[in-house]
Each structure stands twice: as C-alpha cells, then as structure tokens.
Amino acid sequence: DVANNCIGEDGASVLAEQLQRNTCRLEWLSVTYNQIGDRGVRALATSLTHNSTLKELRAGRNSFGESGVDALCEALKQNTTLEGLYIRNNDFGDAGVEVLGIALPEMHALRRLNLSGNWIQA
C-alpha cells in the first residue's frame, strides 16, 4: 500500500517496472491519492499486460483522464488476473466512461469496478 505518498508519475513508473518482473508476487496494490496522472497510470497499465499475479488495483484520486482510462482498458483486455479495479475520483467524465463501456466486454477477469466521483453525467 503506497497510498497518500505523493509518488507522482515517476514513482508510478518505478512501481510499474517492478510489476512487470516475473519475480513480483503482489496480489493487491493501492496507489490511491498519489497524483500519478495520465503518464503514471499508462505506465501501470503497461505493466498489467505482463503481470500475472495482481488481483486488485486501487488508483483513485490520481488526476488521470480519458487517455489513462484508455490505457487501462487496453491492458485489461489482455490481463487474465486483475479482478478488482478501483479508479474513483479521477474526473475522467463521460468520455472516459464511454471508452470503458466499450472495452468492458473484453475484460474477462474483471469482477469489481468502482467509478464513483468521476463526473459522469450520461
């Protein structure tokens, strides 16, 4: 759990590098409230295409938008283990949730999703 530590984009990239390694055994990771932004969430998303142990990712309150959601969606289409994704309070709005809605049927492992507080109007 690295929540509330201001790791920023660079810290998220370092975590992402470790998640890609075959030696990483993490099953749960919270990077909530760290201001990782789009670049940081894209790095984490890339790691999810290689990681086969993580079951839950909490990335709320990180100020990422539609491009971050898009990266997560593309990664989760390939990932076979992530069951829980909590991306509340990131303000990606209708555009981000539309991307997510289109990709959801291809996210076969995902079982839990929290999108609260993202200014979804539609």
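The values are calculated or read from the model by the stated rules, or taken from the named source; none is laboratory data. All values derive from a computational prediction rather than experimental measurement. Reconstructed Cβ throughout: ideal geometry from the backbone, glycine too, with neighbour counts over all protein chains shown. SASA here: full protein model, heavy atoms, side chains in, ligands and nucleic acids out. Shrake-Rupley method; radii C 1.70, N 1.55, O 1.52, S 1.80 Å.
Here are a few things to note about the model shown:
- Probe 1.4 Å, accessible area per residue of segment 5-87, Å²: 46 Å²
- For the chain, a simple Cβ point-charge model (Lys and Arg +1, Asp and Glu -1, everything else neutral) yields a dipole of about 380 debye relative to the Cα centre.
- Among the GluC sites (Glu not before Pro) in segment 1-101, those located in a DSSP loop and surrounded by at most 12 other Cβ atoms within 10 Å of their own Cβ are E27.
- Selection from A45, V97, T81, by position along the positive dipole direction of segment 39-122 (Cβ): T81
- Solvent-accessible ranking of H50, H108, largest area first, probe 1.4 Å: H108, H50
- Placing unit charges on the Cβ atoms only, positive for Lys and Arg and negative for Asp and Glu, gives segment 51-97 a dipole magnitude near 240 debye about its Cα centre.
- Of S30, S63, the residue with the largest accessible area leads and the full order is S63, S30 (1.4 Å probe).
- Annotation note: chymotrypsin sites (Phe, Trp or Tyr not before Pro) in segment 73-122 located in DSSP loop regions with a Cβ neighbour count of at most 14 within 10 Å are W119.
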